[in-house]
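Read the structure below first, then the notes.
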Amino acid sequence: MKTMSPLRIFHTLWTKPLKEERTPVTLLCYAISFHYAKQMGAEVVLHTDSLGAEMLSFLPYDEVYIDLDDIPDNITRFWAYGKLYATKQEPLGSVHIDGDVFLRDPQLADYFKTNCDLLTQSEEGDDWRTDYTYELSQAAIGINDLPNGVSLFYPKSYNCGVVQINNAELKKKYLDTYFKTVELSLLDPTYEGRVQQIIDRFGDKGSIIPDIIAEQQFLHEIAQNYKSCTILNDNIRKDALAKGYTHLCTAAKYEMKEDIENLLCGLDRTLLAKIKHSKYYK
């Protein structure tokens, strides 16, 4: 059961994993995401660290929680850690949207009135496990001492651009599994060596993303015995266009600064002007 009214949406920005050259596009995306969320009439709050609070100070969030400062530096490879940490602090039924998710149609708010135990953006396509990033990330987590109830070889995954958990038992299981996975991976004495071998072999450190497993795959596996719903159907691109849903979920967005800037200009010139005056917008 949901416990809140009205709709509560939360962003997270944990700056430790953020590459400096990606900051301008990140600010633009958060501004657009915030704009559309407020158009729904939602309460929109932010969980961040001290630097993130300064970077996003131009956005009038209903509340800003500076609760991510103490996350250790050695966890940054698990970039979703800040999101899951914030989820733990939020009331049941809060909706997390990534900073690059744009809920362009206010009618999307109807999805958040669901009686499902879990609502996510979509299921990943059938080809997601064949991607070499998945194989690198799987090796980076390792195969020893995973929490009970999850496997590296489970075949399905959710895209977590939007996550709303409405079942307390499911929320606890998911968060406990995620944090235990991070702990075990980092305590594994072979972890750093294994990661370095992957980096040496492929020369692409940025493609090691353990959270496509720990955040996305494990959520699907844990939730399989609960009532789960998605916003988008199997034809994700077509359905997203029809429903007014945008998720700039790949690194390609960092090459689209001008286009994203123009989008914000058409929505809110004042917000754009504030960003351009920020010392973080270089």
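The values are calculated or read from the model by the stated rules, or taken from the named source; none is laboratory data. None of these values were measured; they are calculated from a predicted model. Cβ sites come from the backbone with ideal geometry, for glycine too, and all protein chains shown count toward neighbours.
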Discussion item. Checking the structure you have, find out if any residue of segment 20-32 is of a type in the set (Phe, Trp, Tyr), within 17 Å of ALA109 (Cβ to Cβ), out of contact with any Cys (no Cβ under 8 Å at 6 or more places or on another chain) and not in a strand (DSSP E or B).
Written reply: no
Discussion item. Restricting to segment 268-282, and then to whatever is over 17 Å from SER33 (Cα atoms) and in contact with a helix residue (DSSP H, G or I) (Cβ under 8 Å, 6 or more places away or on another chain), can you tell me which residue is surrounded by the fewest Cβ atoms within 10 Å (Cβ to Cβ)?
Written reply: LYS282
Worksheet, complete the sentence: With the first residue restricted to segment 146-162 and required to be buried (at least 19 other Cβ atoms within 10 Å of the Cβ) and at pLDDT 90 or above, and the second required to be part of a loop (DSSP other than H, G, I, E, B) and of a type in the set (D, E, K, R), Cβ contacts under 8 Å at 6 or more apart or on different chains are SER157/GLU124; TYR158/GLU124; ASN159/GLU124; CYS160/ASP98; GLY161/ASP98; GLY161/ASP100; VAL162/ASP98
Discussion item. Can you go through THR48, THR114, THR76 and tell me which one is more than 18 Å from the chain's Cα centre (by Cα) and of a type in the set (Val, Ile, Thr)?
Written reply: THR114
Response to the item:
All-but-one check, TYR245 against (1) out of contact with any helix residue (DSSP H, G or I) (no Cβ under 8 Å at 6 or more places or on another chain); (2) crowded, with 20+ Cβ neighbours inside 10 Å, failing number (1)
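Just give me the residues in segment 258-267 being exposed (fewer than 15 other Cβ atoms within 10 Å of the Cβ) and either under 20 Å from the mean Cα position of the chain (by Cα) or closer than 26 Å to TYR111 by Cα (or both), in sequence order.
Matches in segment 258-267: none.
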Practice prompt. Pull up segment 141-200, narrow it to residues that are in contact with a Lys or Arg (Cβ under 6 Å, 6 or more places away or on another chain) and among the aliphatic types (A, V, I, L, M), then point me to the one that is nearest to ALA240 (Cα to Cα).
Written response: ILE165
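To keep it simple, each residue is scored yes or no on (1) modelled with pLDDT of 95 or more; (2) of a type outside the set (S, T, N, Q); (3) surrounded by 19 or more Cβ atoms within 10 Å (Cβ to Cβ); (4) in contact with an Asp or Glu (Cβ under 9 Å, 6 or more places away or on another chain).
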residue	(1), (2), (3), (4)
ARG201	no, yes, no, no
ILE212	no, yes, yes, yes
PHE218	yes, yes, yes, no
GLN224	yes, no, no, no
LYS227	yes, yes, no, yes
ASN233	no, no, no, yes
LEU241	yes, yes, no, no
ALA251	no, yes, no, no
Practice prompt. Among what's in segment 38-84 and is assigned to a strand (DSSP E or B) and free of Cβ contacts under 8 Å to residues at least 24 places away in the same chain, pick the residue that is nearest to PRO106 (Cα to Cα).
Written response: GLU63
Item to complete: Have a look at LEU56, LEU27, LEU68, LEU51 and point out the one that is more than 16 Å from ALA86 (Cβ to Cβ) and either among the aliphatic types (A, V, I, L, M) or crowded, with 23+ Cβ neighbours inside 10 Å (or both).
Response: LEU27
Worksheet item: Before we move on, is THR48 at pLDDT 95 or above and under 22 Å from TYR245 (Cβ atoms)?
Response: no
